[in-house]
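In what follows, a structure is listed as structure tokens, so that the remarks can point back to it.
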Amino acid sequence: LRMEVERKGISRNIEKVAHAIFSDATSREAFLDAIQEGQRRVTAVTWLCEPPVERPYEALAKPAWLPEWIDVVGDDARPGKSAEHDEGKIYCLDLSSTFACAPIAEISIDTPLVVDMCAAPGGKAKYIYESLQHKHFTANEINSSRFGLLKQILPANVLLNLDGREASEFPKKYDRILIDAP
């Protein structure tokens, strides 16, 4: 396994994972760059509607693998205290949370069925839902109060409120399962 760039601070295991996830060198290098530059605190801003041309904050350069509807902002930005956040137009999550979703864009099967088993509060679920272009995705959350958060950002037809230990109740068989357990 030959790496494109010698990197300090990135383990060989992380580089191997990057090779397994990303088939093209550009995406792989952007992913590794994001991990390597991760010393500063950054927030990923997920737009729950069409993003405006003029953002209410200064967006940073972002990894190439992030979709257009996600911005990256630094420590000084406070998108969670903005009118857009209060109006439900944006959802904020730590940039590292998007790493769990990055492989979704690389799924190679024609019609993947994906379930997020611990979907609330919904940042990763929204990312996956949008990445799969609103198809073949289910968001599950066992906790009823946290399930209410999902109802605010995802359509009802992709939501489940079931205990994952009772998989026989699930309406479909899934090709990929994301578990980011609390």
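Can you pull the three principal axis extents for the Cα set of the range 25-103, in Å, largest first?
38, 24, 21
Could you calculate, for the chain, the ratio of the Cα radius of gyration to the Kirkwood radius, expressed as Rg to Rh?
That ratio is 0.97, to two decimals.
Could the peptides 69-81, 169-181, 114-126 be put in order, highest first, of the mean number of other beta-carbon atoms found within 10 Å of their residues?
114-126, 69-81, 169-181
First compute the accessible area of the chain with a 1.4 Å probe, then give the percent of it belonging to carbon and sulfur atoms.
Within the chain, the accessible surface is 49 percent carbon and sulfur.
Run the numbers for residue 180 and residue 135: contour at 0.36 nm per residue of separation, minus the present Cα-Cα distance, in nm. Don't skip to the end; give the middle numbers.
Values: separation 45, 0.36 × 45 = 16.20 nm, distance 2.10 nm.
Length gained, residue 180 through residue 135: 14.1 nm.
Report, by chain and number, residues whose modeled amide H sits under 5 Å from the one on residue 178, excluding near sequence neighbours (fewer than 5 apart, same chain).
115, 116, 117
Report, ordered by chain and residue number, the lysines lying within cross-link reach of residue 16, taken as a straight Cα distance under 21 Å and ignoring same-chain residues fewer than 8 apart.
Counting by Cα, and skipping residues close in sequence, residue 16 has these lysines nearby: 8.
Non-local amide H neighbours of residue 90 (under 5 Å, H modeled in plane, Pro and chain starts lacking H): which ones?
48, 85
Helix-derived [θ] at 222 nm for the chain: sum -39500 (n - 2.57) over DSSP H runs of at least 4, divide by residue count, nearest 500? Each step should come with its number before you reach the end.
Values: 6 runs with 50 residues, N = 182.
Result for the chain: -7500 deg cm²/dmol, rounded to the nearest 500.
Find out how many positive minus negative residues lie around residue 158, taking Lys and Arg as positive, Asp and Glu as negative, among other residues whose Cβ is under 13 Å from that of residue 158.
+1
The values are calculated or read from the model by the stated rules, or taken from the named source; none is laboratory data. These figures come from a predicted structure and were not determined experimentally. Note that we place each Cβ from the backbone using ideal geometry, even for glycine, and neighbour counts take in every protein chain shown. Just so you know, the surface numbers come from the protein's heavy atoms only, side chains and all, with ligands and any DNA or RNA stripped out. Shrake-Rupley method; radii C 1.70, N 1.55, O 1.52, S 1.80 Å.
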